[in-house]
Amino acid sequence: MKILSIETSCDETAIALLECFGGLIAPKFKILKDAVASQIAIHQPFGGVVPNLAKREHIKNLPVLFRQLFGDETSAAKVMKTIDLIAVTSGPGLEPALWTGINFAKDLAKKYRKPLVGANHLEGHLYSFLLAEKRGAIYQVSNLKKVFPGIGLIVSGGHTTLLLLKDLKTRKKLGETRDDAVGEAFDKVARILNLPYPGGPEIQKLAPKGNPNAIPFPRPMVHDKNYDFSYSGLKTSVLYYLRDNPDTSKADLAASFQEAALDVLVRKAMRAVGEFNAKSILLSGGVAANKPLRQKLAREAKKSGIPFLVAEFKHNTDNAVMIAIAAYVNFLKNKKYPLVANGAMNIK
Ligand code: KG4
Ligand code: ZN
């Protein structure tokens with residue numbers, strides 16, 4: 001099954017084309033096209049994503065990316081003939097940005113008379129673990145059955161969510177953040193430290209120059225029995241610490257903040273592994289691009305004798321490949337998302 005996918009929920013315009021096969025038991029993916037146009041440079045002067053600027057850039061970028069990938073009208077028509085399904089992110093995200101993708105996808109579906117479905121960005125992140133292993137040109141998790149039940153951890157700019165996956169059909173949300181997402185905390189702390197947007201990679205870069213144990217920042221909710229998270233207080237702790245100790249090294253602040261933020265994620269994920277006797281850890285979302293987080297989870301997974309699955313860096317930050325994967329899984333499950341932007345869409 002050939003799926004063309006479009007992602008415009010935030011500040012990346014992305015289009016991909018995947019060959020998907022193998023079904024829910026042994027899904028396999030061949031990435032035929034995969035392009036992302038990042039708007040980071042546009043939003044950087046504002047210290048965050050400006051929704052209307054994002055919308056303007058998506059409108060500008062979508063036809064350019066499409067042409068880059070599929071060539072002129074004649075060659076694009078040839079490729080489009082072979083496509084079985086078009087999928088577009090319908091939420092969560094910035095609604096003006098989401099609509100640009102939906103409208104572009106609607107035009108394509110009409111022009112080439114193809115079926116079109118909405119996709120959940122968070123399911124895209126979650127299922128990106130299916131890209132964790134590759135043989136030749138084919139992505140496939142070998143012996144997928146052995147991965148379940150798995151603990152899925154989605155860590156992005158908008159979400160921090162822990163899930164129990166029984167298989168690709170059945171899952172249960174264990175907990176999520178009650179206020180800020182962990183990526184948001186990285187971005188806000190970076191701002192406090194006068195580092196550019198997006199802050200996650202900047203904090204990661206600065207942290208090795210500091211001492212992660214220099215400042216004992218709180219580990220919010222780490223001892224709570226539930227699987228919820230809270231990151232707003234941690235960010236405020238950094239702000240107050242710097243206010244009261246203005247001479248503290250930025251590197252120590254970055255390292256200590258990162259340590260506290262990741263510590264909670266790892267400890268809660270591992271507690272869930274224990275409680276539910278999980279057979280794997282499945283990490284996803286923009287913050288999954290954080291190397292220390294990957295190292296910590298990999299180490300803990302090894303200690304527990306279970307696999308740790310995560311896609312390569314570029315498929316953790318926003319992309320369209322993961323949207324095609326979510327669309328494939330939902331197609332097999334006969335689950336459809338409406339073609340209406342839903343900024344507050346969540347994952348169950
Ligand atoms: O998934 P994503 O690309 O967009 C959303 O769906 O939100 O995640 C973006 C978030 C931003 O908060 C960014 O700072 C964070 O992911 N991020 C990182 C790293 N790379 C991206 N956070 C920590 N370390 C990184 N290396
Ligand atoms: Zn995302």
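The values are calculated or read from the model by the stated rules, or taken from the named source; none is laboratory data. All of these numbers come straight from a predicted model, not from anything done at the bench. A quick note on method: Cβ atoms are made from the backbone with ideal geometry, for glycine too, and the neighbour counts reach across all protein chains shown.
Being closer than 30 Å to C20 by Cβ, part of a loop (DSSP other than H, G, I, E, B), within 16 Å of ligand 2 (Cβ to nearest atom) and out of contact with any Ser or Thr (no Cβ under 8 Å at 6 or more places or on another chain), is that true of even one residue in the range 157-168? Looking for residues that are closer than 30 Å to C20 by Cβ, part of a loop (DSSP other than H, G, I, E, B), within 16 Å of ligand 2 (Cβ to nearest atom) and out of contact with any Ser or Thr (no Cβ under 8 Å at 6 or more places or on another chain), one finds at least one in the range 157-168, hence yes.
Could you say whether any residue in the range 76-88 is in a helix (DSSP H, G or I), among the basic types (K, R) and in contact (Cβ under 8 Å) with a residue 12 or more places away in the chain? Yes, the conditions are met somewhere in the range 76-88.
Here is a yes/no grid of residues against (1) farther than 11 Å from Q258 by Cα; (2) within 14 Å of ligand 1 (Cβ to nearest atom):
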site: R191; (1), (2): yes, yes
site: N194; (1), (2): yes, no
site: I203; (1), (2): no, yes
site: G210; (1), (2): no, no
site: A214; (1), (2): yes, no
site: P218; (1), (2): yes, no
site: H223; (1), (2): yes, no
site: N226; (1), (2): yes, no
site: T236; (1), (2): yes, no
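Residue count for the range 319-341 satisfying the condition of being surrounded by fewer than 18 Cβ atoms within 10 Å (Cβ to Cβ) and either touching a helix residue (DSSP H, G or I) at 6+ places or on another chain (Cβ under 9 Å) or basic (K, R) (or both): 5. The number of residues in the range 225-274 being touching a helix residue (DSSP H, G or I) at 6+ places or on another chain (Cβ under 7 Å) and of a type in the set (S, T, N, Q) comes to 2. Number of residues in the range 198-209 that are within 16 Å of ligand 2 (Cβ to nearest atom) and either farther than 18 Å from G93 by Cα or without any contact (Cβ under 8 Å) to a residue 60 or more places away in the chain (or both): the value is 3.
Of all residues in the range 39-61, which are of a type outside the set (A, V, I, L, M, F, W, C), in a helix (DSSP H, G or I) and closer than 15 Å to G157 by Cβ? Within the range 39-61, H43, Q44, P51 qualify.
Suppose the filter is assigned to a helix (DSSP H, G or I) and modelled with pLDDT under 95; does K145 pass it? Yes. Does L126 meet the test of being within 14 Å of ligand 2 (Cβ to nearest atom), part of a helix (DSSP H, G or I), surrounded by 23 or more Cβ atoms within 10 Å (Cβ to Cβ) and among the aliphatic types (A, V, I, L, M)? Taking the combined requirement at face value, the residue satisfies it. Is it the case that the range 79-87 has a residue that's in contact with a Pro (Cβ under 9 Å, 6 or more places away or on another chain), of a type in the set (D, E, K, R) and surrounded by fewer than 17 Cβ atoms within 10 Å (Cβ to Cβ)? Within the range 79-87 (the criterion being in contact with a Pro (Cβ under 9 Å, 6 or more places away or on another chain), of a type in the set (D, E, K, R) and surrounded by fewer than 17 Cβ atoms within 10 Å (Cβ to Cβ)), the answer is yes, since at least one residue qualifies. Looking at Y227, Y197, Y241, just one residue is surrounded by 15 or more Cβ atoms within 10 Å (Cβ to Cβ) and at pLDDT below 95, and that residue is Y197.
Pairs meeting the criteria (first residue in the range 123-134 and in the same structural domain as M322 (by TED's automatic domain parsing) and farther than 17 Å from L174 by Cβ, second residue aromatic (F, W, Y) and away from ligand 2 (no atom under 11 Å from the Cβ), beta carbons under 6 Å, at least 6 apart or on different chains) are L131/Y139. Pairs meeting the criteria (first residue in the range 288-307 and outside the structural domain of L126 (by TED's automatic domain parsing) and under 21 Å from N143 (Cβ atoms), second residue within 16 Å of ligand 2 (Cβ to nearest atom) and hydrophobic (A, V, I, L, M, F, W, C), beta carbons under 7 Å, at least 6 apart or on different chains) are L297/L283. Residues of the range 41-65 that are under 16 Å from L4 (Cα atoms) and crowded, with 18+ Cβ neighbours inside 10 Å: L62, L65. For the range 169-193, the set of residues classified as part of a helix (DSSP H, G or I) and more than 16 Å from ligand 2 (Cβ to nearest atom) consists of K188, V189, A190, R191, I192, listed by residue number. Here is the figure for the range 292-333: residues that are among the hydrophobic types (A, V, I, L, M, F, W, C) and away from ligand 2 (no atom under 16 Å from the Cβ) total 9.
Here is a yes/no grid of residues against (1) modelled with pLDDT of 95 or more; (2) of a type in the set (S, T, N, Q); (3) within 14 Å of ligand 1 (Cβ to nearest atom); (4) crowded, with 17+ Cβ neighbours inside 10 Å:
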residue: R113; (1), (2), (3), (4): yes, no, no, no
residue: V117; (1), (2), (3), (4): yes, no, no, yes
residue: L122; (1), (2), (3), (4): yes, no, yes, yes
residue: I138; (1), (2), (3), (4): yes, no, no, no
residue: T160; (1), (2), (3), (4): yes, yes, yes, yes
